[in-house]
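Scroll down for the structure; my scribbles are underneath it.
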Amino acid sequence: MELPLVVGVDGSGASLAAVDWAVDEAARHGLPLRLVYGSLWERYEGSEPSGSPECPSEQVMAEHVVAVAEERARRRDPGAKVTSDVLPEDPVSALAGAGDSAFAVVTGSRGRGELKGLLLGSVSLAVAGRARCPVIVVRGDAAGPAGTHERILLGAGGVETGREAVRFAFREAGVRRCVLEIVRAWRSPRPAAAGGPVAGEDSAPGQEERAAGLLEQLLSEAMVDHPAVRQRCATVEGPPHRVLVELSAAADLVIVGARREAGAFGFQLGRTAHALLHHARCPVAVVPQRM
């Protein structure tokens, strides 16, 4: 049974942009599309209570939201397999739960009712931290979501957080037939306390060599499994979050991993993932590492 690509919808412009992106993504992978609406969305986003004279009932609003999203998806791809569900849950729980049986969950960058000044909506951030499948937040300028760069960017983390992200990135580059750029950032060491030169593994050349070795270790299996994928590997000096945000301006999708700690609720989104979700110039995929 094919796992669907789940899309969170709420009637906002950002969610409709997510529908457009997801329709194209589902076509690339040959997947069905499932549109999901959390019926308690308005309550959590601070709009008027349902049933008031000024606004329609929540059920009517929910039916309208999914109908508009379905029509948009079918208009973009008449051959798409599209279903929709209105779930009696808050949007985070609805989408995170739907992700348990999904190829990935796609959201917009900001939901209906959220302040326009927000860089990222609270729902998108929470889903990225809780879902057990990859979560793609559709954001950035027009070029990234449109796929005009023909380039995917993978921020290579450690072995304990990055293997699933690597598999996802190679598979994505394969179906898109585009270049996969894999970047491992490294930091220059601080000068020795005595003022002398830093040597060995703690030197700048040593740090760069270690970053290159980690890339080789992380990518070896995926390179064998996906020999047709064109790739470019690079080690770049600088903070990972700044390096990847800057490089995202020339990418169609940037991918990072996330990890779960023992006893922790949800996945741990580090500084790099947070920075990309708020500032990347293209859609961002957060891929959890299954332990």
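Just so you know, all these numbers are worked out from the coordinates, no wet-lab data involved. Please read these numbers as outputs of a predicted model, since none were measured by experiment. Note that we place each Cβ from the backbone using ideal geometry, even for glycine, and neighbour counts take in every protein chain shown.
Annotation: amide H-H contacts under 5 Å for GLY257 (H modelled 1.01 Å from N, sequence separation of 5 or more, or interchain): GLY157, VAL287. Rounded to the nearest whole Hz, the Karplus-based 3J(HN,Hα) values (6.51 cos²θ - 1.76 cosθ + 1.60, θ = phi - 60°) of segment 63-68 follow the sequence 4, 5, 4, 6, 5, 5, with x at glycine and proline. Descending by average beta-carbon neighbour count within 10 Å, the peptides 75-87, 170-182 line up as 170-182, 75-87, the highest first. Distances between placed amide hydrogens fall under 5 Å for SER39 paired with LEU87, GLU89, all partners being 5 or more residues away or on another chain.
Pairwise alpha-carbon distances in segment 65-110 exceed 17 Å for 43% of all pairs.
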